[in-house]
Ligand SMILES: CC(C)(COP(=O)(O)OP(=O)(O)OC[C@H]1O[C@@H](n2cnc3c(N)ncnc32)[C@H](O)[C@@H]1OP(=O)(O)O)[C@@H](O)C(=O)NCCC(=O)NCCS
């Protein structure tokens with residue numbers, strides 16, 4: 001992917017934002033370093049970031065050539081690692097606390113001999129990235145969701161509107177709308193009252 005000349009004003013990182021990343025004018029990106037692992041070849045838009053959204057230091061769009069990420073409006077990404085081989089969608093008004101990991105792929109095989117081969121191959125290329133091995137399983141996070149700090153969302157998970165995920169939870173199953181889940185693996189601990197739809 002050809003790099004554009006887009007930079008972030010007063011950025012400590014000298015790199016640029018790829019041309020297939022579409023950022024709304026009202027969104028805040030702390031540093032272009034967040035896109036230093038964005039290798040998506042999807043055109044014209046591999047990443048979209050919506051109105052009023054903020055992505056703070058530590059947020060990484062670690063996107064394979066086949067990956068696409070859509071972040072809605074008024075989303076807060078407070079140092080979130082998004083690992084995407086296929087598709088990650090984050091809905092409007094979703095709050096992601098610090099050190100959340102959202103992944104649609106594991107990127108490494110179970111077989112230790114295959115992993116050894118993979119690690120040898122990585123040492124031969126630059127940059128030394130893990131790359132997509134299998135099609136990722138899309139992750140969809142609904143509107144008005146709150147992910148507590150250090151939450152891990154595993155491949156294929158769909159999180160319903162208005163759900164809350166407790167701090168340090170590992171989510172491997174879908175989460176129903178307006179529920180609170182917590183733990184490893186995350187289990188429902190509470191139901192919430194649905195709110196009026198937000199326009
Ligand atoms: C998920 C959360 C909102 C739930 O709060 P709550 O509704 O007050 O829940 P409670 O404290 O009543 O706990 C209910 C049960 O869930 C368990 N639980 C709550 N949070 C948990 C967590 N993160 N991991 C594992 N279990 C958890 C409690 O131990 C309790 O279990 P019990 O019924 O067996 O005693 C809160 O625990 C949490 O994790 N908040 C995250 C805050 C955060 O990340 N802030 C970052 C700044 S944006």
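If packing is taken as the mean number of other Cβ atoms within 10 Å per residue, what is the order of 95-104, 170-179, highest first?
Ranking, from highest mean packing down: 95-104, 170-179.
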Residue 125 and residue 108 label points (each 7 Å along its Cα→Cβ direction) are spaced in nm at 1.7
Contact order relative to length for the range 146-199, counting C-alpha pairs under 8 Å separated by 6 or more residues, stands in percent at 28
Taking 0.36 nm per residue of separation between residue 98 and residue 7 and subtracting their Cα-Cα distance, the length gained on full extension comes to 30.4 nm
Residue 149 and residue 117 label points (each 7 Å along its Cα→Cβ direction) are spaced in nm at 4.2
Taking 185-194, 61-70 and ranking on average Cβ neighbours within 10 Å, highest first, one gets 61-70, 185-194
With the 8 Å Cα cutoff and a minimum separation of six or more residues, the range 104-184 has a relative contact order in percent of 23
In nm, the gap between the two label points placed 7 Å beyond Cα toward Cβ at residue 189 and residue 42 is 3.3
In cubic angstrom per residue, the convex hull of the chain built on its Cα atoms measures 116
Note to self, the chain gives a 222 nm [θ] from helices alone (DSSP H runs n ≥ 4, -39500 (n - 2.57) apiece, / all residues, nearest 500) of -1500 deg cm²/dmol
Subtracting the Cα-Cα distance of residue 57 and residue 137 from 0.36 nm times their residue separation yields 26.2 nm
Relative contact order as a percentage, the range 46-197, C-alpha pairs under 8 Å and 6+ apart, gives 16
Given 33-44, 138-149, the highest-first ranking by average Cβ count within 10 Å works out to 138-149, 33-44
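Coordinate-derived values only; no laboratory data. Because the structure is predicted, anything quoted here is derived from the model rather than measured. Reconstructed Cβ throughout: ideal geometry from the backbone, glycine too, with neighbour counts over all protein chains shown.
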